[in-house]
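Q: I'd like to ask you about the structure that follows.
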């Protein structure tokens, strides 16, 4: 293979993977340095892609990806727009998206943003064929909602219900499933169930707390809300460990069961209990409103709202994006339909003394 052909192949691969969807293609000189070839070789490679109608050159000489190529000729480029910090929870969403996209020969580009005013959000909505959005913990501002509603690219949001605005919304663990989790504790004889939250007060966690409070009020049971959110980008399990340790040391925790808004919160709380000789699942029951795929492998295994297989939902979303956001099929709100609970070893029958 000649040098210019190798460079053309490299650029085409970058384009297929969305490398130039949210940033400009570098000038010829920079591309030549990156590829380790001369500018003449780079110019020949660029001309190959222009002849194939993959690239176009603006009047000012700047190169850009040709988004007017027919759909049958161009690989669909999708963005997974996520908060700029790694988490297992993010992977739970991204992997099914990538699996669904792969079936349709589409590319998924992870794109990080730091806050709702980050210009990356607008760039992403403007330069991809479809966008999957995983929210940050702060409330969605009205101006960002308007951006999503006017987005030239079809948008699907995760863990936030924007269906009233015509935006498809997907949940792995809908807050309403908290009711079934608490019903399980009730069946074990627990009448005093506290709620612990150390996650940032994001919409999903707020709704989970509301579900706990509604359930407790309807049954007339005792229960205390301990709501001490960590700062954004902090570690909820460390905060939960410290908060629960303080409550136990001050003899301020007397519930027979603890409902945690996330698995991370439960892990921190259980560690604090273990260090003080409290047997989780025997002396006190602990459960969580979500799972990151590891709950059954913890010791003891954690009772939680289990992960749902959302790959069929993601396939539906990718197919809709491939149609340019036209003709959505079915309800805009997508949520699990299978048995939602995983019953682990952290919940047991209320003891006589409890």
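The values are calculated or read from the model by the stated rules, or taken from the named source; none is laboratory data. Nothing here was measured: the structure is a model prediction, and the numbers come from that model. All Cβ positions, glycine included, derive from the backbone under ideal geometry; neighbour counts span all protein chains shown.
Q: Output the number of residues of region 259-279 satisfying the condition of being more than 19 Å from residue 228 (Cβ to Cβ) and touching a residue at least 60 places away in the same chain (Cβ under 8 Å).
A: Of the residues in that region, 0 qualify.
Q: Of all residues in region 217-248, which are in contact (Cβ under 8 Å) with a residue 24 or more places away in the chain and more than 30 Å from residue 82 (Cβ to Cβ)?
A: 219, 221, 222, 223, 224, 245, 248
Q: Restricting region 187-205 to residues that are touching a helix residue (DSSP H, G or I) at 6+ places or on another chain (Cβ under 7 Å) and in a loop (DSSP other than H, G, I, E, B), which is modelled with the lowest pLDDT?
A: Top of the filtered list is 199.
Q: For the list (1) more than 21 Å from residue 184 (Cα to Cα); (2) over 17 Å from the mean Cα position of the chain (by Cα), I need the number of the one condition that residue 279 fails.
A: (1)
Q: While we're looking at this one, here's another question. Among the numbered criteria (1) surrounded by fewer than 15 Cβ atoms within 10 Å (Cβ to Cβ); (2) under 30 Å from residue 119 (Cα atoms); (3) not assigned by TED's automatic domain parsing to the domain that holds residue 81, which one does residue 246 miss?
A: Against the list (1) surrounded by fewer than 15 Cβ atoms within 10 Å (Cβ to Cβ); (2) under 30 Å from residue 119 (Cα atoms); (3) not assigned by TED's automatic domain parsing to the domain that holds residue 81, residue 246 comes up short only on (2).
Q: Could you tell me which residue of region 99-143 is farthest from the chain's Cα centre (by Cα), considering only residues that are surrounded by 19 or more Cβ atoms within 10 Å (Cβ to Cβ) and in a helix (DSSP H, G or I)?
A: 127
Q: Now for a separate question. Answer yes if at least one residue in region 249-265 is surrounded by fewer than 24 Cβ atoms within 10 Å (Cβ to Cβ), in contact with a strand residue (DSSP E or B) (Cβ under 8 Å, 6 or more places away or on another chain) and more than 20 Å from residue 199 (Cβ to Cβ), and no otherwise.
A: yes
Q: Taking residue 296 as the residue in question, decide whether it is within 30 Å of residue 97 (Cα to Cα) and touching a residue at least 24 places away in the same chain (Cβ under 8 Å).
A: Considered against the rule, which asks whether it is within 30 Å of residue 97 (Cα to Cα) and touching a residue at least 24 places away in the same chain (Cβ under 8 Å), residue 296 comes out as yes.
Q: Yes or no: residue 81 in contact with a strand residue (DSSP E or B) (Cβ under 7 Å, 6 or more places away or on another chain), modelled with pLDDT of 85 or more and under 30 Å from residue 235 (Cα atoms)?
A: yes
Q: Every residue in region 151-185 that is part of a helix (DSSP H, G or I) and either crowded, with 16+ Cβ neighbours inside 10 Å or at positive phi (or both), please.
A: Once the filter is applied, which keeps residues that are part of a helix (DSSP H, G or I) and either crowded, with 16+ Cβ neighbours inside 10 Å or at positive phi (or both), region 151-185 yields 175, 177, 178, 181, 182, 184, 185.
Q: Turning to a different aspect of this structure: For residues that are out of contact with any strand residue (DSSP E or B) (no Cβ under 6 Å at 6 or more places or on another chain) and farther than 17 Å from residue 171 by Cα, tally how many sit in region 94-112.
A: Qualifying residue count for the region: 6.
Q: Right, something else. From the list 348, 330, 325, pick out the single residue that is touching a strand residue (DSSP E or B) at 6+ places or on another chain (Cβ under 8 Å) and assigned by TED's automatic domain parsing to the domain that holds residue 155.
A: 325
Q: Being within 21 Å of the chain's Cα centre (by Cα) and either part of a strand (DSSP E or B) or within 23 Å of residue 161 (Cα to Cα) (or both) is the filter here; which residues of region 212-232 pass it?
A: 229, 232
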